[in-house]
């Protein structure tokens, strides 16, 4: 099997599957026919959760590091939007301009993620999961118990996106396009950089860190840099998430939500950046409509069952199921093609034999 | 370890270090490595001149691979010092030693199975250059890509350069190991059993590759196949139980009765 070639120009035009154009066109015209509920609660929310899960996919899929602290980075960015910008809780709310608050929030999330990385890169496998889970839990309890900065159990409310160019960016359609812009931007960036020197190095470190050291790479620094980039993604998604909810509290960064992000990434598939978005869409649809099938208190059972089934039958998630289907279709088509060729060759052979005999 | 320099002769010391930097690729001085009570290496002293090719032979457990690990920095020596091209690298991490011109191959291929052959060699070429953190895709006319293509041709893997490494045959993976070791201007290469598991045809291909290496590249080869090892080196170090047991030319080692009894077997060299 040939791998992708290293070429900047080929990325933009040549390697794009025609199906991608259809998906892009669908996403762009989606608000024209969907209801506000489906635009905002389903599509925009899926894009935000997908972006947070994308930051995990980048670390786990390309770098082999499963970090459960991605939601904490996103949560920190959300809290900083409330602390530095405006909120309606009468606590903090320093009133910084929205753009400055956004920049500081994202950079702080990236710095937080970098620190998590600096601690976590000393470990591997299950220990990375445990240490990042410990950090996520510590951050949750810290936010819940700290009233000076995080306003304790209550958290913050009334955190709204700005009204810019005369547009209220929390209206469903503008917010959908904003989320789509951010999600597709990071999707493209992760996909593009996966074939860059840094992206290839990260995948090679995942495959064999010892060999990478023997080639002159500082593997720890590479992994920490990956945590930094994933922090930028998670932080940006965190800003969108707090604008989506208009509030943030310790419950937004609790262990159950941390696990949700992991479930989204695993169910979607970690081998391609599209996986987290597929997982997020499946998760949000289940979260919204599972109560139509089962009692509201038990919808997590449905999500858990789906998670179990996907992992059991396709370790590569929904993406793996899709790829397996495509492979089978291709094989079936090849089989039909060779059969028809054989029958043509057979009939021509028969004709030639007949003519020889004649 | 004994202190050899005295405060009275700093200038002479500096001068001799400068001379040895040009002369010696590797100097091991009283290197030992202990794993608890187990002494894997004991008092190893080796000097390898620039461009010299040497075989390190010995039975399993003699400490050959541990010696390589001590040189590359995978394990720090318990005592003793390691100098590369005159510079003391005893306390430097692996990647810093690699940047000083040291390369190695592994007994069991350590490659990047999820990447293509060209990606593997490209990363090896990029390991000692700037831009390791670049987020831009590499263009075909990049100098590292050109170098990678040249190295792939040098180890006869042109036909499979876009194949995934996991799909290569064992022999091809060993060839790729050598290509990775040759990337980025190496001055000293450590080959750890490069012929292990190769067919006779692949072995002669390996000998061809080793003999075609530029003369300025020094190497040490660990190899159990004497027909390969003794054809590609100028000197041999025999190890036994973590210690140096004998040193000499390939002919001297091959004809040494003690070596024959301990390692080569009675039949070797009889004809």
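The values are calculated or read from the model by the stated rules, or taken from the named source; none is laboratory data. Predicted model only: the values in this text are computed from it and were never measured. Here the Cβ positions follow ideal geometry from the backbone for every residue, glycine too, while neighbour counts run over all protein chains shown.
Being more than 7 Å from chain A (Cβ to nearest Cβ), part of a loop (DSSP other than H, G, I, E, B) and surrounded by fewer than 21 Cβ atoms within 10 Å (Cβ to Cβ) is the filter here; which residues of the stretch B:87-108 pass it?
Answer for the stretch B:87-108, where residues must be more than 7 Å from chain A (Cβ to nearest Cβ), part of a loop (DSSP other than H, G, I, E, B) and surrounded by fewer than 21 Cβ atoms within 10 Å (Cβ to Cβ): B:89, B:90, B:91, B:92, B:93, B:100, B:101, B:107, B:108.
Is it the case that residue A:84 is under 15 Å from residue A:107 (Cα atoms) and either free of Cβ contacts under 8 Å to residues at least 60 places away in the same chain or in contact with a strand residue (DSSP E or B) (Cβ under 8 Å, 6 or more places away or on another chain) (or both)?
So residue A:84 passes the test.
Of the residues in the stretch B:137-163, how many are under 23 Å from residue A:193 (Cβ atoms), assigned to a helix (DSSP H, G or I) and out of contact with any helix residue (DSSP H, G or I) (no Cβ under 8 Å at 6 or more places or on another chain)?
2
Considering only residues that are more than 20 Å from residue B:219 (Cβ to Cβ) and modelled with pLDDT of 90 or more, which ones fall in the stretch B:6-34?
Correct list: B:29, B:30, B:32, B:33, B:34.
What's the number of the only condition in (1) within 11 Å of chain A (Cβ to nearest Cβ); (2) at pLDDT below 90 that residue B:169 fails to meet?
So the condition that residue B:169 fails would be (1).
If I go through the stretch B:123-136 residue by residue, how many of them are over 12 Å from residue B:181 (Cα atoms) and not in a loop (DSSP other than H, G, I, E, B)?
Residues in the stretch B:123-136 being over 12 Å from residue B:181 (Cα atoms) and not in a loop (DSSP other than H, G, I, E, B): 1 in total.
Which count do you get for residues in the stretch B:145-157 that are surrounded by fewer than 19 Cβ atoms within 10 Å (Cβ to Cβ) and either within 14 Å of chain A (Cβ to nearest Cβ) or under 23 Å from residue B:129 (Cα atoms) (or both)?
So the answer is 5.
Residues are listed down the side, and each one gets a yes or a no for (1) facing chain A (nearest Cβ under 9 Å); (2) farther than 23 Å from residue B:229 by Cα; (3) over 21 Å from the mean Cα position of the chain (by Cα):
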position: B:54; (1), (2), (3): no, no, no
position: B:58; (1), (2), (3): no, no, no
position: B:82; (1), (2), (3): no, yes, no
position: B:85; (1), (2), (3): no, yes, no
position: B:127; (1), (2), (3): yes, yes, no
position: B:139; (1), (2), (3): yes, yes, yes
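Restricting the search to the stretch A:77-97, which residues are touching a helix residue (DSSP H, G or I) at 6+ places or on another chain (Cβ under 6 Å), outside any loop (DSSP other than H, G, I, E, B) and either on the phi > 0 side of the Ramachandran plot or surrounded by 24 or more Cβ atoms within 10 Å (Cβ to Cβ) (or both)?
Residues satisfying the conditions are A:77, A:78, A:80, A:81.
Can you tell me which residue among A:101, A:73 is part of a helix (DSSP H, G or I), touching a residue at least 40 places away in the same chain (Cβ under 8 Å) and under 25 Å from the mean Cα position of the chain (by Cα)?
That would be A:73, the only listed residue that is part of a helix (DSSP H, G or I), touching a residue at least 40 places away in the same chain (Cβ under 8 Å) and under 25 Å from the mean Cα position of the chain (by Cα).
What's the number of the condition residue B:71 fails, among (1) surrounded by 21 or more Cβ atoms within 10 Å (Cβ to Cβ); (2) within 14 Å of chain A (Cβ to nearest Cβ); (3) on the phi < 0 side of the Ramachandran plot; (4) in contact with a helix residue (DSSP H, G or I) (Cβ under 7 Å, 6 or more places away or on another chain)?
The failed condition is (4).
Which members of the stretch B:112-125 meet the condition of being under 19 Å from the mean Cα position of the chain (by Cα) and more than 7 Å from every other protein chain (Cβ to nearest Cβ)?
Those that are under 19 Å from the mean Cα position of the chain (by Cα) and more than 7 Å from every other protein chain (Cβ to nearest Cβ): B:120, B:121, B:125.
Residue-by-condition table, conditions (1) within 14 Å of chain B (Cβ to nearest Cβ); (2) over 19 Å from residue A:132 (Cα atoms); (3) exposed (fewer than 11 other Cβ atoms within 10 Å of the Cβ); (4) modelled with pLDDT under 90:
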residue: A:2; (1), (2), (3), (4): yes, yes, yes, yes
residue: A:10; (1), (2), (3), (4): yes, yes, no, yes
residue: A:20; (1), (2), (3), (4): no, yes, no, yes
residue: A:34; (1), (2), (3), (4): no, yes, no, no
residue: A:54; (1), (2), (3), (4): no, no, no, no
residue: A:66; (1), (2), (3), (4): no, no, no, no
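Of all residues being in contact with a helix residue (DSSP H, G or I) (Cβ under 8 Å, 6 or more places away or on another chain) and within 23 Å of residue B:53 (Cβ to Cβ) in the stretch B:164-180, which is surrounded by the fewest Cβ atoms within 10 Å (Cβ to Cβ)? Just the residue, please.
B:171
When the stretch A:87-98 is examined, which residues are found to be free of Cβ contacts under 8 Å to residues at least 24 places away in the same chain and under 17 Å from residue A:236 (Cα atoms)?
Of everything in the stretch A:87-98, just one residue is free of Cβ contacts under 8 Å to residues at least 24 places away in the same chain and under 17 Å from residue A:236 (Cα atoms), namely A:97.
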